[in-house]
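Q: Take a look at the following structure, please.
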Amino acid sequence: MLVSYRWICEIAGFSPKPEELGDKLTFSGLEVDELQTVGVGFDNIVVGVIKSREPHPTSGKLHCVTVDSGSGVVSVVCGAPNCPGPGSRVVLARVGASVGEITIESREIAGVPSEGMLCSEMELDIGPDQEGIMILDGETEAAAGTPIDDALGLQDWIYSIGITPNRPDALSHRGIAREMALLYGKPFDPSVPEAAPEGGDPVGKHIKVDLIDQEGCPRYAAAVITGAKVGKSPFSLRYRLHNLGVRPISNLVDVTNLILLEYGQPLHAFDLDRVADATIVVRRASDGERMKTLDEVERTFTGDDLLICDGERPVAVAGVMGGIDTGITQETKNLLLECAYFNPSMIRRTSKRLKLASESSYRFERGIDPNMADDVLRSTTHLICDLAGGTRAPGPMDCYPVPIERKRVALRPGRYESVMGYPVEVQEMRRILKGLGAVVTGTDHEFSVLVPTNRPDIEREIDLIEEIARVVGLDKIPSLLPRIQSCIPDREEYEVGMRVRQIMVSLGLEESISYSFVPEEMLVGMGLSDRVIKIANPLNSKRETMRTTLLAGLIENLKRATTRYVGLVRQFEVGRTFHDEGGELPLEVLRVAAIMNGSRDSWIGEDHGPVDFFDAKGIAGAFIREFTGMDPVFEPVTDLDYMHPNRALRVVVGGDDVGVVGEVHPKILADQKLGRGAVGFEVDAMKLWGMRKISVASPLHEFPPMVRDVAFLVEEARDAAPIEDALRDACGPLAISVSLFDVYRGKGIEDGKKSLAFSVVYRSREKTLTDEEVDTIHRTAIDSITTEFGVRTR
Amino acid sequence: MDPQEIINDLQKLADRFDDSVNALATEQQIRDLQASFLGKKGEVTMLQKLLGKLPGESRREVGQAFNQAKQRITSAAGDAIDGLVNREAREYLDRHTDLTLPGRAPSMGRMHPITTVMYDIVDVFVSMGFDVALGPEIETDLYNFGKLNFPDDHPARDMQDTLFIKEGKTLLRTHTSPVQIRTMLEKPLPIQIVAPGAVYRRDDDPTHSPMFFQVEGLLVDEGVSFAHLKGVLQAFLARIFGRDVRSRFRPSFFPFTEPSAEVDIECISCKGAGCNLCSGTGWLEILGSGMVDPTVLEGVGIDPERYTGFAFGLGVDRIAMLRYEGISSIRLLYENDPRFLEAFRR
């Protein structure tokens, strides 16, 4: 909210330094985001008095005037249609003045010399009016040459204050002024508004109010003014509204806006002559009922919306916005001022449902003071009659069947100390509560506090404790370290995440954190859109679906990197995937996935080629071994839409399916406009963690190893692993390692075949093995393989 | 045979060995040459066979000459081999290598800057005796709002623009605060936890990401006061931003704490003078905090007369952006550009 320093000082009756006041407000809970000085920087811009006015010799649209600048008479060419005649006061920018972007110089305009410029509000940035130049007659009697900021009292400081939802009292200048008095320890005693002149029929003759819905509208007060004349508000009022971000419109409307800003009470002004049957009915809408609001939008209502109606139709959405048919116009003479208190929740629901928020609904939904209608109507009618003429119809018009009373709340000063950790004098507590407008009785051990109705947020002891704490200042509170009870750590998932990260980082991959929501079409393309969770109100279609796989985000990273000409991506991610299992909340699964593309590490003159399936398989295997102490088993898989049909394997650990490793399906990559060759894996981290084995160190071998190699000539289509497994079995317990070390095709090998070369390490824990023993075992093993697989050695 | 002649022959053999051995290039050649002199059929060995035929008195003298010749040859062979090894070693040492070529760097993995910062934050509190709790990222409206004292139809709900799964029922958690509720419902008192994790809001601009990370803290026990909140948070800020960091507590509003405070630190860039980072204020808002609202405690079955507590929440992204330089937009953190991720060291 924007707050005028001068205005709150006028209300509070004293004027501290603007910056100091800003700090005090911030440290009492009204955070000043910005403090802006306005109405300064008008060097050489002064009150000028027109001495003569002649038409321009050649241009029909221009006038040539002479102006008393206070330091001599200057000639000025003026193009404004409202250029006034002799005796009028205007705003003169003398030579050397800066007006907006331009610096005023002596120059010829259409052949006539001009030594200055007559300015409009808009040009000086002190109002929105750009129809013509400012004419100060009636606004100031200041002599020619008086600086314009002095003549019009322009200087002010505007605070931009972030008002938290618990402080509806601070949504007005009176509310801020009250806070200001409290913070400076001054009494708050604002002036009581004068009464408006009364005349004509009593208000009851002009209007009848039928308050049907008392739940939605606990209070409906009103006043009637007759014989007013719509016109322009004086500059001082328009300037104040302009600085506070409100566009001046006409005296009648400007006054209701000014009162809103002063008291925080939204008012609605109806053109009384357009209210049918001189009747106001406050009731719920019927489902489907319609009305066009002031913004010229046709609105449709439900039975939960509160409407203000006349004898025939709805005339306002209560507390939100008026109807277009009964608003104030340039012709309005008689007006009905509504000053009501509406149910905050209902106003909020209506405002949300209609997606229509206003200064009025903003305040009603936070809760205004229901008991300020008398002062507000007195002040409003006085101001309108003062500016627009007319008289107030005598007598009260106030439907307030069940007045809202002040709440009584108990406060134990001792409780304050135990919650805040330091004591405040009882007298100081009483002073602060009284400064809030509360009445404090009771004992020094337990106050009985009667809370003012402008503070609907104060209902409990803790609310009063907070009020005292914020006024005293949180910086007064000492810092203490608490005695913390030891606990048995219970943070498995957190630690699992960290452990996964450590291993993956040590394998040379960088961690990615990508959004948990992905485009649904991507999951559909991957065949992973089953049991998917969708966001009801997504930011856009790219972020509408919760991921069921971490690979989706990693592929998006790959795409982003590629479009930015980054050729190499080696990333992993640890995070949750989301799956609808029919429960209230979805299943969230902690997974780890990786993706890689581009070349392998190589050095100058070397080329180790691009990464392929085996890089992914190697990293997945290394991760699982390190993470669980178990060897993964890789099994064939064919039913995956997102992996290459012949280059993907299911990862199985301890007999349980834990994930997939493979080359990403070229079709998925093509969908993202990516080339082939990205590989990756994804496994279930918590499942793996549950399988981990305790690490066991075996005794180290003391006797020397004997190494024997063997190569088998096999059909191209035959896989290596079954032969390796069979060989391991055949070589027996003395073979501590059997590993494939070469796959050879080409010279010396017939077409359609390949040579698989294995290295077997024999080693005994009891003795040094002899050549003869090893050769015997080895030969027998080879024979069993050639027989079992029908292959020969090479 | 004249003993002196034999002695002369031995002398000549040894001289010849000396002459030949130094021209040889490998150890094997030297050994072969040595064998052709001293081996079974070597020239010295053959000559030695004549020794027995010599008269007794000269046998001793000639025998000594044999020993000397054998020693000379053996030692010359040894010297030659040593010389050879030294020459290879010298050549190995003298060989030129272009050391200006780049090193072979293995590719290195790194944790995401968010993870690094989150870990550091959590570590401070764990060191103080807090445990770590996590919760679901998709939450119920009840835990995300209701139990945290956000009434239905209350403007406090506008403070957090929400991504809903089912409006009014389930949603992407807007803060880590529902973990407070889950922990208080599940764990015995006293409670001291921090809860790191992803949270979501319906915001997307250079200063707001629809997903970001928070760390929540909660301590509930008998006799916990606002002074303890200040003590713990000031200790935390000193650990993360340095011992000299200045901080200030400003009253604020959160539905689930009362009294509530926002905490600012003196701008780490300008040290309070005012700069772009702090929008000229000299201060940076760093976290929100307060005493757990009695209504929240009652809602989870804790007696607020007996127990009090404090809670706080801080933005990990914000702290990452303060700790590292050059993160011009929060969204960069979630684009995972390899060039960006490479920039961060612990």
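Q: Among the residues of segment A:761-784, how many are touching a Ser or Thr at 6+ places or on another chain (Cβ under 7 Å) and outside any helix (DSSP H, G or I)?
A: Adding up the residues that qualify gives 1.
Q: While we're looking at this one, here's another question. Being without any contact (Cβ under 8 Å) to a residue 60 or more places away in the chain and acidic (Asp, Glu) is the filter here, so list the residues in segment B:292-346 that pass it.
A: The answer is B:Glu298, B:Asp303, B:Glu305, B:Glu325, B:Glu335, B:Asp337.
Q: Assuming A:Asp709 fulfils every condition listed in (1) within 24 Å of A:Leu523 (Cα to Cα); (2) charged (D, E, K, R); (3) part of a strand (DSSP E or B) apart from one, which condition is it?
A: Condition (1) is where A:Asp709 drops out.
Q: Pull up segment A:343-364, narrow it to residues that are among the hydrophobic types (A, V, I, L, M, F, W, C) and at the interface with chain B (Cβ under 10 Å from one of its Cβ atoms), then point me to the one that is surrounded by the fewest Cβ atoms within 10 Å (Cβ to Cβ).
A: Step by step, filter segment A:343-364, then rank; the result is A:Ala357.
Q: Please enumerate the residues belonging to segment A:452-470 that are closer than 11 Å to A:Val409 by Cβ, in a helix (DSSP H, G or I) and not β-branched (Val, Ile, Thr).
A: The answer is A:Glu461, A:Asp463, A:Leu464, A:Glu467.
Q: Which of the numbered conditions does A:Pro403 fail, given that it passes all the others? Conditions: (1) surrounded by 17 or more Cβ atoms within 10 Å (Cβ to Cβ); (2) touching a residue at least 24 places away in the same chain (Cβ under 8 Å).
A: (1)
Q: Would a scan of segment A:577-590 turn up a residue that is loosely packed, with under 13 Cβ neighbours inside 10 Å and modelled with pLDDT under 90?
A: No, every residue in segment A:577-590 fails to be loosely packed, with under 13 Cβ neighbours inside 10 Å and modelled with pLDDT under 90.
Q: What's the number of the only condition in (1) farther than 23 Å from B:Asp120 by Cβ; (2) away from chain A (no Cβ under 11 Å); (3) not in a loop (DSSP other than H, G, I, E, B) that B:Val179 fails to meet?
A: Just one mismatch for B:Val179, condition (1).
Q: In addition: It is to be established whether one or more residues within segment A:314-327 are of a type in the set (Ser, Thr, Tyr) and either modelled with pLDDT of 95 or more or surrounded by fewer than 24 Cβ atoms within 10 Å (Cβ to Cβ) (or both).
A: The answer is no; no qualifying residue exists.
Q: Still on this model: In segment B:100-117, what count of residues is obtained for those that are out of contact with any Gly (no Cβ under 9 Å at 6 or more places or on another chain) and at the interface with chain A (Cβ under 10 Å from one of its Cβ atoms)?
A: Result for segment B:100-117: 11.
Q: Condition check: facing another protein chain (nearest Cβ under 9 Å), among the aromatic types (Phe, Trp, Tyr) and surrounded by 13 or more Cβ atoms within 10 Å (Cβ to Cβ). Does B:Phe150 satisfy that?
A: no
Q: Quickly run through segment B:286-331 and pick out the residues that are under 15 Å from B:Phe254 (Cβ atoms) and touching a Pro at 6+ places or on another chain (Cβ under 9 Å).
A: B:Gly290, B:Met291, B:Val292, B:Asp293, B:Pro294, B:Thr295, B:Val296, B:Leu297, B:Gly309, B:Phe310
Q: Okay, moving on. For segment A:671-693, state whether one or more residues are more than 30 Å from A:Ser512 (Cα to Cα), over 42 Å from the mean Cα position of the chain (by Cα) and crowded, with 16+ Cβ neighbours inside 10 Å.
A: No, there is no match, as no residue in segment A:671-693 is more than 30 Å from A:Ser512 (Cα to Cα), over 42 Å from the mean Cα position of the chain (by Cα) and crowded, with 16+ Cβ neighbours inside 10 Å.
Q: Do we have any residue at all in segment A:541-558 that's of a type in the set (Asp, Glu), within 18 Å of A:Ser512 (Cα to Cα), touching a residue at least 60 places away in the same chain (Cβ under 8 Å) and surrounded by fewer than 23 Cβ atoms within 10 Å (Cβ to Cβ)?
A: yes
Q: Could I ask something else about it? With respect to the numbered conditions (1) modelled with pLDDT of 95 or more; (2) hydrophobic (A, V, I, L, M, F, W, C); (3) over 23 Å from A:Val589 (Cβ atoms), which one is the sole condition not fulfilled by B:Leu172?
A: Just one mismatch for B:Leu172, condition (3).
Q: Quick one: in segment B:271-289, of everything that is on the phi > 0 side of the Ramachandran plot and among the small types (Gly, Ala, Ser), which residue is surrounded by the most Cβ atoms within 10 Å (Cβ to Cβ)?
A: The selected residue is B:Gly282.
Q: Please specify each residue of segment A:498-526 satisfying the condition of being of a type in the set (D, E, K, R) and either more than 28 Å from the chain's Cα centre (by Cα) or part of a strand (DSSP E or B) (or both).
A: A:Arg499, A:Arg501, A:Glu510, A:Glu511
Q: Turning to a different aspect of this structure: Could you say which residue among A:Gly414, A:Gly367, A:Gly311 is surrounded by fewer than 23 Cβ atoms within 10 Å (Cβ to Cβ) and assigned by TED's automatic domain parsing to the domain that holds A:Asn251?
A: A:Gly311 is the lone residue from the list that is surrounded by fewer than 23 Cβ atoms within 10 Å (Cβ to Cβ) and assigned by TED's automatic domain parsing to the domain that holds A:Asn251.
Q: Then there's this: Could you list, in sequence order, all residues of segment B:203-239 that are surrounded by fewer than 18 Cβ atoms within 10 Å (Cβ to Cβ), of a type outside the set (Asp, Glu) and touching a residue at least 40 places away in the same chain (Cβ under 8 Å)?
A: B:Pro206, B:Thr207, B:His208, B:Gly223, B:Ala235, B:Arg239
Q: Based on what the data block shows, is B:Gly129 farther than 24 Å from B:Met159 by Cα, among the small types (Gly, Ala, Ser), buried (at least 18 other Cβ atoms within 10 Å of the Cβ) and at the interface with chain A (Cβ under 9 Å from one of its Cβ atoms)?
A: Spelling it out, it is not the case that B:Gly129 is farther than 24 Å from B:Met159 by Cα, among the small types (Gly, Ala, Ser), buried (at least 18 other Cβ atoms within 10 Å of the Cβ) and at the interface with chain A (Cβ under 9 Å from one of its Cβ atoms).
Q: If we only count strands (runs of 3 or more DSSP E) wholly inside segment A:1-72, which ones have 1 or more residues that are among the basic types (Lys, Arg) and surrounded by 13 or more Cβ atoms within 10 Å (Cβ to Cβ)?
A: By residue number, A:45-55.
Q: Just wondering, is there one or more residues in segment A:475-493 that are at pLDDT below 95, more than 8 Å from every other protein chain (Cβ to nearest Cβ) and outside any loop (DSSP other than H, G, I, E, B)?
A: Yes, some residue in segment A:475-493 is at pLDDT below 95, more than 8 Å from every other protein chain (Cβ to nearest Cβ) and outside any loop (DSSP other than H, G, I, E, B).
The values are calculated or read from the model by the stated rules, or taken from the named source; none is laboratory data. Bear in mind the structure is a predicted one, so any value in this text is a computation, not a measurement. With ideal geometry, Cβ positions are generated from the backbone for all residues, glycine too; neighbour counts draw on all protein chains shown.
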